[in-house]
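Remarks on the structure that follows.
The values are calculated or read from the model by the stated rules, or taken from the named source; none is laboratory data. In this text the structure is predicted, and so the values were computed from the model without any measurement. Heads up, the Cβs are rebuilt from the backbone with ideal geometry, glycines too, and the neighbour counts pull from every protein chain shown. What goes into the accessible areas is simple: the full protein's heavy atoms, side chains included, and nothing from ligands, DNA or RNA. Shrake-Rupley method; radii C 1.70, N 1.55, O 1.52, S 1.80 Å.
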Amino acid sequence: MFQSEYAQKAVDASGTVLGMCCKDGVLLAAEKLELSKLLEENSNRRTFPIDKHAGAVIAGVSADGRAIIDRAQGEASNYKSMYGDAIPGSVLADRVASYVHVFNLYWYVRPFGVCTMLACYDHKGPQLYMIDPAGTCHKYFGCATGKGRQGAKNELSKLKLSEMTTKEATFAAAKIMHQVHDGEKGFELEVAIISDETGRVFKRVEKEALAKAEAAAKAAIEAEDMSD
């Protein structure tokens, strides 16, 4: 069995993470499982800014994810210093994927136990990429990974993402997360977007707005259950 398959198990054991590329931007969402009731709210971040026009969400081993985020931030900074412009999304994704892949080539290092989704809004418009522990990178309209990835993918496939705004996607993401959550532990939802509304700057959704989206999502799920 390849080392990357062991790394993938670490990703599969983590909370669900999904990305949605909409008509006005990109949304990234993470289901942060409640590891302890003593854990302070909003700790253990899963979404991170890479540059003003780019950000990421991680699924898997948090420490590994932070190492990849540091590398991505370094690549963005170096590109801007060299060329005087923000790094394109495709270039950022390729460079991060190449870095991750290197850790699958040699016996004295182990693969990163993390899956990374990159959101970018550059001159080519909103873009969404996912990089797995093997260093494979693909561009998506919508993608999901983590424990509830299959259910999340099924729900994403039902949406017309190209016609949705990131505001509508926030409600959809909250609904999907509550649908695929297994109920064994509580969880905290973390959402970040980069869109026309945010001035094409990567930002986390504020607590109040996210709470409203979650409340509406729960109500919609209950209404669907009642109708069935």
Index of the failed condition, MET226 passing every other in (1) open to solvent by 20 Å² or more (accessible area, probe 1.4 Å); (2) aliphatic (A, V, I, L, M); (3) touching a residue at least 12 places away in the same chain (Cβ under 8 Å): (3)
Among (1) in a loop (DSSP other than H, G, I, E, B); (2) at pLDDT 95 or above; (3) open to solvent by 20 Å² or more (accessible area, probe 1.4 Å), where does ASN44 come up short? (2)
In the set ASP182, ASP85, ASP94, which member is within 18 Å of the chain's Cα centre (by Cα) and among the acidic types (Asp, Glu)? ASP94
So LYS212 clears everything in (1) touching a Leu at 6+ places or on another chain (Cβ under 7 Å); (2) farther than 15 Å from LEU28 by Cα except one condition, right? Which one? (1)
Output yes when any residue across the range 48-65 is of a type in the set (Phe, Trp, Tyr) and buried (at least 19 other Cβ atoms within 10 Å of the Cβ), and no when none is. yes
Filtered residues of the range 137-158 (kept if closer than 21 Å to CYS120 by Cα and in contact (Cβ under 8 Å) with a residue 12 or more places away in the chain): CYS137, LYS139, TYR140, PHE141, GLY142, CYS143, ALA144, THR145, LEU156
Within the range 48-58, can one find any residue that is touching a strand residue (DSSP E or B) at 6+ places or on another chain (Cβ under 6 Å), within 18 Å of GLU206 (Cα to Cα) and not in a strand (DSSP E or B)? no
MET82 being at pLDDT 95 or above and either in contact with a helix residue (DSSP H, G or I) (Cβ under 9 Å, 6 or more places away or on another chain) or surrounded by 14 or more Cβ atoms within 10 Å (Cβ to Cβ) (or both): no
Are there any pairs with C-beta distances below 7 angstrom linking a residue in the range 89-110 that is closer than 30 Å to VAL26 by Cβ and open to solvent by 40 Å² or more (accessible area, probe 1.4 Å) to a residue that is at pLDDT 95 or above and not in a helix (DSSP H, G or I), with the two at least 6 apart or on different chains, and if so which? ASP94/CYS137
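Here is a yes/no grid of residues against (1) surrounded by 13 or more Cβ atoms within 10 Å (Cβ to Cβ); (2) over 24 Å from ARG149 (Cβ atoms); (3) aromatic (Phe, Trp, Tyr):
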{"site": "ILE176", "(1), (2), (3)": "yes, no, no"}
{"site": "LYS185", "(1), (2), (3)": "no, no, no"}
{"site": "LEU189", "(1), (2), (3)": "yes, no, no"}
{"site": "GLY199", "(1), (2), (3)": "no, yes, no"}
{"site": "LYS203", "(1), (2), (3)": "yes, yes, no"}
{"site": "LYS207", "(1), (2), (3)": "no, yes, no"}
Taking the conditions exactly as written (closer than 14 Å to ALA67 by Cα, in contact with a strand residue (DSSP E or B) (Cβ under 9 Å, 6 or more places away or on another chain), open to solvent by less than 20 Å² (accessible area, probe 1.4 Å) and modelled with pLDDT under 95), does PRO133 satisfy them or not? yes
Aromatic (Phe, Trp, Tyr), over 19 Å from the mean Cα position of the chain (by Cα) and at pLDDT 95 or above: does that describe TYR106? no
Hits in the range 1-27 - residues which are of a type outside the set (Asp, Glu), touching a Pro at 6+ places or on another chain (Cβ under 9 Å) and at pLDDT below 85: PHE2, GLN3, SER4, TYR6, ALA7, GLN8, ALA10, VAL11
